[in-house]
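Structure, as C-alpha cells:
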Amino acid sequence: PPIQDPSKVTRAHLEKYLSVLTEKYKVKTVKRKISSIKGFFTYLDDRELLTDNPFQKFKLRLQEEIRRPKSMSMSEIDRLLHYLYHSNPTAQKAQEKAQLAIQDPRHLSRIYLKEILWYRDVSILELLFATGIRVAELCSLKFCDYNKTDNAFTVIGKGNKERTILLLNRQAVTTFHQYLFLRKAFFQEKEHIFLTRFDQPMSTQAVRNLVEKYAGLAGLSKRITPHYFRHSFATLLLQQGVDIRYIQEFLGHSSITTTQIYLHVSDEQKRSILGSMHPREKISI
C-alpha cells in the first residue's frame, strides 16, 4: 500500500522506487523524478517536520548513456552539394543569369524569385556546413555582423558569448556573394541577411524545412536537420586531425567537455587506423 506519512519513508523504500523507475525510464528522467522527491524531503527537513531524512543515507549513482551526435558522412554531404549545384533544375539557369547580371546590372530584371531563393538556400546550406553555425545564429545574422573583406561573421551564441566564424571555401563564398548581389532585385533593404519569399527574416523552422526538402531531393535516406551540419563540421574536422580546442572555439562551446562528445571513433575508423598505423604493419616476416 502507498505510504501516507513521509516520516515512514526509509532508504529501502527509495532504493525500491529507484529500481522501478530504472526499468521504465531513461536515466535523465529517473534523475529528475528522484530530484523532485529529494527536494520535497529537504523542504520537510528544513522545517523540522522530519526526524530522519532518508536522503541523507541515499546515494544516487546512475551513469547517463553517452549520446553520440548524429552527423553526415562525406559521401552524403558530397551527394547533397552535387544535387544543389548540378542536379537541381533551377541551378544552371540561376547561375547563368547571375553571371549576366553581375556583368550588366540591367539583367537583374530577368532574374526570377525562385532563382534568388536557390542562391539563398545554397548559401544557407554552405554556411551551415562550412562554419558549424547554430540554426538560430544563422537566422539572426545581419549585415552589420558581416565583414566582406575577411568573409567573417560576428555571432552571439549561447550565454551571450561572442565569436567569429569564417566562410572560406571559394565556391561557398562566390555563391554567397552572388546571393547578396541578386537579392536586391526582389527584396527590400532589410537588416537580416536571409529572408523568406515574403521579405521577412528566416525562422529556424523555415531553415529546418529547406534542409529536409533538399536532403530528400538529393536522395539521402535519413532525415537530416540543420544540427546534422554542425555535428558533421566538428566530426569531420576531428577526423582530419584538427585539435579539439580549435573545434571548441569554432563551435562556441564554453566547456571542452561539451566538445568531447565528438571524440567517438567508429568501427570503420578503428579498422582503418589499426590497419594503416599499427607498428606491426611495418614488420615484414
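The values are calculated or read from the model by the stated rules, or taken from the named source; none is laboratory data. What you are looking at is a predicted structure, and each value in this text was computed from that prediction instead of being measured. Every residue, glycine as well, gets a Cβ built from its backbone with ideal geometry; the counts of neighbours run over all protein chains shown. What goes into the accessible areas is simple: the full protein's heavy atoms, side chains included, and nothing from ligands, DNA or RNA. Shrake-Rupley method; radii C 1.70, N 1.55, O 1.52, S 1.80 Å.
Which entry in (1) 1.40; (2) 1.22; (3) 1.77 is this structure's computed Cα Rg over 2.2 N^0.38 Å?
The calculated read-out lines up with (1).
With springs only between Cα atoms under 10 Å, which of Lys148, Lys93, Lys16 fluctuates most in a Gaussian network model of the chain?
Highest fluctuation of the listed residues: Lys16.
Can you list the aspartates and glutamates whose alpha carbon sits under 16 Å from that of Lys148, skipping same-chain ones fewer than 8 residues off?
Here the aspartates and glutamates satisfying the reach criterion relative to Lys148 are Glu191.
Quick one: P(r) of region 9-52 from all Cα-Cα pairs, 10 Å bins, percents rounded to integers, in order of increasing distance.
In order of increasing distance, the bins hold 27, 48, 22, 3 percent.
Would you mind getting the accessible area per residue of region 146-285, heavy atoms of the protein chains only, 1.4 Å probe, in Å²? Present the calculation step by step, with values, prior to reporting the outcome.
On the way: 8790 Å² over 140 residues.
I get 63 Å² per residue for region 146-285.
Heavy-atom accessible area per residue, region 76-144, 1.4 Å probe: how many Å²?
46
HN-Hα J couplings of region 104-118 from phi, Karplus 6.51/-1.76/1.60, θ = phi - 60°, integer Hz, Gly and Pro as x?
Computed from phi, the couplings for region 104-118 are 9, x, 5, 6, 4, 5, 8, 7, 8, 4, 4, 6, 5, 5, 4 Hz.
Cα-Cα over 20 Å: which of Lys93/Lys184; Lys31/Lys222; Lys114/Lys222?
Listed pairs above 20 Å: Lys31/Lys222; Lys114/Lys222.
Relative to the longest principal axis of the chain, what angle (0 to 90°, nearest 10) does the C-alpha long axis of helix 267-277 take?
70
What are the trypsin sites (Lys or Arg not before Pro) within region 169-263 that DSSP puts in a loop, where the Cβ has at most 13 other Cβ atoms within 10 Å? Walk me through the numbers before you get to the answer.
Values: sites: Arg170, Arg183, Lys184, Lys190, Arg197, Arg208, Lys213, Lys222, Arg223, Arg230, Arg245; in loops: Lys190, Arg197, Lys222, Arg223.
Filter output for region 169-263: Arg197, Lys222, Arg223.
In straight Cα distance, which aspartates and glutamates are under 13 Å from Lys26, not counting same-chain residues fewer than 8 positions off?
By straight Cα distance, Lys26 reaches Glu64, Glu65.
Can you give me the Cα centroid spacing of region 68-109 and region 7-40 in angstrom?
54
Which angle from 0 to 90°, rounded to the nearest 10, does the C-alpha axis of helix 204-217 make with the longest principal axis of the chain?
70
For the chain, take the longest principal axis of its alpha carbons; what is the angle in degrees between that and the long axis of helix 170-182, to the nearest 10 within 0 to 90?
With both axes taken from Cα atoms, the answer is about 70 degrees.
Each residue of region 149-165 in turn: what ³J(HN,Hα) in whole Hz from Karplus with 6.51, -1.76, 1.60 and θ = phi - 60°, glycine and Pro shown as x?
4, 9, 6, 10, 10, 9, 10, 9, x, 4, x, 6, 8, 8, 8, 10, 10
Could you tell me what percent of the accessible area of the chain is made up of carbon and sulfur, with a 1.4 Å probe and every protein chain present?
51
Under 18 Å from the Cα of Lys282, which aspartates and glutamates turn up, not counting those fewer than eight places away in the same chain?
Once the sequence-local aspartates and glutamates are set aside, nothing remains near Lys282.
Taking all pairs of different Cα atoms in region 126-193, averaging 1/r and flipping that mean, what Kirkwood radius in angstroms comes out?
Radius from the Kirkwood sum: 12.6 Å.
Which residues make up the longest stretch of the chain that has no GluC sites (Glu not before Pro) in a DSSP loop with at most 10 other Cβ atoms within 10 Å?
My reading of the result: 66-188 is the longest stretch.
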